[in-house]
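To keep things clear, I will list the structure first and then write my remarks on it.
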Amino acid sequence: MKIFKVPLTPEQIATQLQCKSIIKKDIKLTNVAELNEADKNSVCFFENPKFQEDLKATKAGLIFVPKDFDITLKPDTNLILIDKPYISFMMLVKTWLKLEAPVQKSEIAKTAIISDSAKIGKNVIIGHNCIVHDKTEIGNNTIIESNSVIMKNAKIGSNCHIYPNTTIYEDSILKNNIILHAGCVIGAEGFGYLFYEGIQNKIPQVGNVVIEDDVEIGANSTIDRATIGSTVIGKGTKIDNLVQVGHNCKIGKNSILCAQVGIAGSTEIGDIVYLAGQVGIADHLKIGDGVMVGAQSGVSNSIPEKAKYFGTPAIDAGLKKRILASEKYLPKIVRYYKKMFKEKKEKE
Amino acid sequence: MKIFKVPLTPEQIATQLQCKSIIKKDIKLTNVAELNEADKNSVCFFENPKFQEDLKATKAGLIFVPKDFDITLKPDTNLILIDKPYISFMMLVKTWLKLEAPVQKSEIAKTAIISDSAKIGKNVIIGHNCIVHDKTEIGNNTIIESNSVIMKNAKIGSNCHIYPNTTIYEDSILKNNIILHAGCVIGAEGFGYLFYEGIQNKIPQVGNVVIEDDVEIGANSTIDRATIGSTVIGKGTKIDNLVQVGHNCKIGKNSILCAQVGIAGSTEIGDIVYLAGQVGIADHLKIGDGVMVGAQSGVSNSIPEKAKYFGTPAIDAGLKKRILASEKYLPKIVRYYKKMFKEKKEKE
Amino acid sequence: MKIFKVPLTPEQIATQLQCKSIIKKDIKLTNVAELNEADKNSVCFFENPKFQEDLKATKAGLIFVPKDFDITLKPDTNLILIDKPYISFMMLVKTWLKLEAPVQKSEIAKTAIISDSAKIGKNVIIGHNCIVHDKTEIGNNTIIESNSVIMKNAKIGSNCHIYPNTTIYEDSILKNNIILHAGCVIGAEGFGYLFYEGIQNKIPQVGNVVIEDDVEIGANSTIDRATIGSTVIGKGTKIDNLVQVGHNCKIGKNSILCAQVGIAGSTEIGDIVYLAGQVGIADHLKIGDGVMVGAQSGVSNSIPEKAKYFGTPAIDAGLKKRILASEKYLPKIVRYYKKMFKEKKEKE
């Protein structure tokens, strides 16, 4: 349950959305909640029939429901009847959060250690114990939370939010409106060795990481710097927790990398690509725009645009599903084959 | 080798355990060790015949052995003859550790930054450079180690141990006797976007994380906050390193999540569930009580209670094993099938 | 693009390498870059024909090319003609980096908190807000970057580089020339519980971690301490990001563990073993010297030396590939088998 400082009334919400509504009681709405934890001041949504029991029992003060909702089910409850209850509800939450967002004022913690050669923009917040090294730049309205480390020559744009305990290595470039969750490591050295004379010889990693506008990266994810050149995360791409992006990868725009995805070095991922959880992609491949890869797949070849792939090694998802559906017959077929083969041998 | 400050004698240990023992030499036991690194002051255990050679060579001062152990194998060594040598040995280690545990005294590092509005219990230890934000609560006897960040309105119960470099986001609730290892991130924003107008639109994540009593979470694991409502980790559940738990998941009691497990959003896991290493579970599923899922399995459907599942997609483990055992015949069968099909064609 | 402080000329580089070269223009070379981002002061390499277009368009001031390179393709460009352009280029980068490396001077940040009982070697650098606990040791020339925590009794050798936000638990032993990237957690408690009386009972973890010389460990990786005894990472082994090594594992020398690999407790890995990305290995196994395991494989049995394994469960890679090549016929075979079986039934 999220409690807001600024209360809203059912009328205010209905007016704002300009949609059909049934207002039974004039109350102060002060929180958003799931149906089963709601109180009389809660705003909720109902869309999935699976939650019918929760709907019946809920004490919510206002519920977003589908247009064709049977209003006799909740005769005494304020209702918003709308096309897509979940999305509209979430839009309300966004607007509501903005109502209570304080005006951001610059606030550099006394315990933060900021190099004299760092360029800090307007309205910047830097938390306790942050270390901002030489020749770094931090743009306007950016927030760097406690205990984060910005190494030398790293550049962070405007309106970014860097959560605690994050490390940004030297030379990294983060553009604008970027969110990095706690524990992210941006720009650590790529994993490159040449084996000769009986040992693993380190290949120097002198490139950097470039993160374009509107990217969000989850907690404890790692994006490695390029060997030379740049590892690039494209505009609007969203990366979940514990994801690994190898050196020299180029990720396109508005792609989705779910948790624990790993991408090996120098692979290119297109725009609006969807990689489900725990997908692994080998090095030096090209994944086309609009590709979707099913969870846990291991991609060992390039994938043409808009294809849906699944499995390890990943193949066309339709074919993989047909193979998987056939698999359960395999023990029987083997039994049959063994018997037949024996019979044949005997005949011969 | 773990060296203890308080020495024990073989007699003391035998008396404490009230079991059969053979005491040949009166010595001071000061450490626990593996057989192959032991010295004359070591306590060891022997249970697995695989370590017979180590047993012969060991200099250990006292060895826990099975009841039916052939004592002529170590005629001059002090022995504890007991039902389950490993478990009994480990119980001894637990007791021994308690003997040397100092009485915990409150100790708030001068370099820790603690909000005036934080409520700190009795006997609390807060390490160097910790940041404890506004309206947080920390219960009695809890230890927060160096460089950890507790964001605003987070509540931590009694007898918890938070290791260094951990981040606990706002509104998180940790109950009692909880261990978080270094680098954990609790309560980062869930991974939710709606794709429209050509971009990924962030769904606000205004829920929280609730961790019940007696939970342990491994290093660098991440538990995301709910979209609305709570992500819940049930009492007594143990989570290994680098595990991802998505937004709105509900994990039951006394379950085991091994390293690198990933659970997508809104999935419910029952009590005493065992998820082996690198298992992935899709979103919105229900995994029943007592379920066991084999390593690296990818679960794409709900699983009834007590079932054993394996594979990607995970199916009944027995069936999967039969399929896997049949697979090696597949190339032969295909060859046969191709030949036969050709022959048939020719005949026709 | 990596810009160097000390410029070099084409002649200097050609002389140093003692190889064939074509020097057309005397220029100052100041950076290394990829062909497509190079300027007239860049050194580049060309080896893979895939980058022919980049080669044509590049403005690079000096290019490392193969011995048999058609020099008419870049008639006006300085060229180094050499056996292995990529390796030679990388060797140049290594040498060049050394030219600009400053002489390391001891520098202990005022904000670092160092126990009086810690032994700090010569020429050590300790960054801001590091916590160095009681009875620790840090060898000569070692660098510990900001916000890292070295817990009590941990010992770090000479010439190590510990990046920011790293946690090294008590009793860990790191030898010499070790690199730990940001967010690493070394020596957290192993994951061991015994289920009885309805709950998961923690097995005490009183061992430690030993990391031998020349090991590199990637960002946010976790190496757990042993239950008793030591978890060991052998000399020269390289570990990528987000890797998990369980308690009591023994990893050999010069092995490679790619990103997101997970190794369960007590498993032994030999020398010069290659584990590709996301490989999982079960507990108590023995992986022989020179073994290679393909990406995402799940290893459930020990592997003899020099074998190549693939799949979950991992089997001989050649056999697995034959099975995978056969799989696409499985739906057809099942259809045929079903039909035939029906026919047979009808005949009987």
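The values are calculated or read from the model by the stated rules, or taken from the named source; none is laboratory data. What you see is a predicted model, and the numbers here were worked out from it, not measured in a lab. Here the Cβ positions follow ideal geometry from the backbone for every residue, glycine too, while neighbour counts run over all protein chains shown. Each accessible area value is taken on the protein alone, full model and side chains, heavy atoms only, with ligands, DNA and RNA left out. Shrake-Rupley method; radii C 1.70, N 1.55, O 1.52, S 1.80 Å.
Taking residues in region C:235-256 that are assigned by TED's automatic domain parsing to the domain that holds C:Gln278, and partners anywhere that are of a type in the set (A, V, I, L, M) and open to solvent by 20 Å² or more (accessible area, probe 1.4 Å), the pairs with Cβ atoms closer than 7 Å and at least 6 places apart or on different chains are C:Gly236/A:Ile199; C:Gly246/C:Ala264; C:Lys250/C:Val232; C:Ile251/C:Val232; C:Asn254/A:Ile199; C:Asn254/C:Ile272; C:Ser255/C:Ile272. Return the residues of region A:255-279 that are more than 11 Å from chain B (Cβ to nearest Cβ) and outside any loop (DSSP other than H, G, I, E, B); say none if nothing qualifies. Selection gives A:Ile263, A:Glu268, A:Ile269, A:Leu275.
Which members of region A:130-151 meet the condition of being free of Cβ contacts under 8 Å to residues at least 24 places away in the same chain and out of contact with any strand residue (DSSP E or B) (no Cβ under 7 Å at 6 or more places or on another chain)? Passing the criteria: A:Asp134, A:Lys135, A:Asn140. The set of residues from region C:240-254 being crowded, with 24+ Cβ neighbours inside 10 Å and not in a strand (DSSP E or B) comprises C:Asp240, C:Asn241, C:Leu242, C:Val243, C:Gly246, C:His247, C:Asn248, C:Cys249. For region B:53-92, residues that are among the aliphatic types (A, V, I, L, M) and farther than 12 Å from B:Cys19 by Cβ total 9.
Would you tally the residues in region B:181-197 being more than 7 Å from every other protein chain (Cβ to nearest Cβ) and without any contact (Cβ under 8 Å) to a residue 24 or more places away in the chain? Here the count works out to 3. Scanning region C:30-55 for residues that are assigned to a loop (DSSP other than H, G, I, E, B) and either surrounded by fewer than 19 Cβ atoms within 10 Å (Cβ to Cβ) or of a type in the set (D, E, K, R) (or both) yields C:Glu34, C:Asp39, C:Lys40, C:Glu47, C:Asn48.
Please work out if C:Gly311 is under 27 Å from the mean Cα position of the chain (by Cα) and open to solvent by 20 Å² or more (accessible area, probe 1.4 Å). The answer is no for C:Gly311.
Would it be correct to say that B:Phe64 is assigned to a helix (DSSP H, G or I), at pLDDT 95 or above and surrounded by 15 or more Cβ atoms within 10 Å (Cβ to Cβ)? So B:Phe64 does not fit the description; no.
Taken over region C:205-239, residues that are over 19 Å from C:His284 (Cα atoms), in a loop (DSSP other than H, G, I, E, B) and open to solvent by less than 10 Å² (accessible area, probe 1.4 Å) amount to 7.
Condition (residue is open to solvent by 10 Å² or more (accessible area, probe 1.4 Å), at pLDDT 95 or above and under 27 Å from B:Ala112 (Cα atoms)) applied to region A:129-136: is it met by at least one residue? Within region A:129-136, one or more residues are open to solvent by 10 Å² or more (accessible area, probe 1.4 Å), at pLDDT 95 or above and under 27 Å from B:Ala112 (Cα atoms). Taking the listed residues A:Ile303, A:Ile323, the one that is over 16 Å from the mean Cα position of the chain (by Cα) and away from chain B (no Cβ under 11 Å) is A:Ile303, with no other qualifying.
Just to check your reading of the model, which residue among B:Pro75, B:Pro102 is more than 26 Å from the chain's Cα centre (by Cα) and either farther than 30 Å from B:Cys130 by Cα or not in a helix (DSSP H, G or I) (or both)? Break it down into steps so the answer makes sense when it comes.
Values: B:Pro102 fails: more than 26 Å from the chain's Cα centre (by Cα).
It is B:Pro75.
The rows are residues; the columns are (1) within 30 Å of A:Lys110 (Cβ to Cβ); (2) within 14 Å of another protein chain (Cβ to nearest Cβ).
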{"site": "B:Thr72", "(1), (2)": "no, no"}
{"site": "B:Met90", "(1), (2)": "no, yes"}
{"site": "B:Leu97", "(1), (2)": "no, yes"}
{"site": "B:Lys119", "(1), (2)": "yes, no"}
{"site": "B:Gly139", "(1), (2)": "yes, no"}
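Restricted to region A:168-180, and to residues there that are at the interface with another protein chain (Cβ under 10 Å from one of its Cβ atoms) and open to solvent by 10 Å² or more (accessible area, probe 1.4 Å), the residue that is farthest from C:Tyr163 (Cα to Cα) is A:Ile179.
Taking region B:6-26 as the range and being within 14 Å of B:Leu99 (Cα to Cα) and open to solvent by 50 Å² or more (accessible area, probe 1.4 Å) as the test, the residues that pass are B:Val6, B:Pro7, B:Gln12, B:Gln16. Within region B:128-136, is there a residue that is assigned by TED's automatic domain parsing to the domain that holds B:Leu174, among the β-branched types (Val, Ile, Thr), farther than 16 Å from B:Ile162 by Cα and not in a strand (DSSP E or B)? The answer is no; no qualifying residue exists.
Could you please let me know if A:Lys84 is at pLDDT below 95 and either in the same structural domain as A:Ile22 (by TED's automatic domain parsing) or not hydroxyl-bearing (Ser, Thr, Tyr) (or both)?
yes
Sort out which residues of region A:181-204 are open to solvent by less than 40 Å² (accessible area, probe 1.4 Å), touching a Gly at 6+ places or on another chain (Cβ under 7 Å) and part of a strand (DSSP E or B), and write them in order of number. Matches in region A:181-204: A:Val185, A:Ala188, A:Gln200.
Scanning region C:328-343 for residues that are surrounded by fewer than 17 Cβ atoms within 10 Å (Cβ to Cβ), assigned to a strand (DSSP E or B) and within 12 Å of chain B (Cβ to nearest Cβ) turns up nothing.
Check whether at least one residue in region A:86-98 is in a loop (DSSP other than H, G, I, E, B) and either under 22 Å from the mean Cα position of the chain (by Cα) or among the polar types (S, T, N, Q) (or both), and report yes or no. Give the steps one after another, and end with the answer.
Our first condition is that a residue be in a loop (DSSP other than H, G, I, E, B); within region A:86-98, this holds for none.
No; the residues of region A:86-98 include none that is in a loop (DSSP other than H, G, I, E, B) and either under 22 Å from the mean Cα position of the chain (by Cα) or among the polar types (S, T, N, Q) (or both).
Name the single residue that is most open to solvent (accessible area, probe 1.4 Å) among those in region A:149-167 being more than 9 Å from every other protein chain (Cβ to nearest Cβ) and closer than 21 Å to B:Tyr169 by Cα. Here the residue is A:Asn159.
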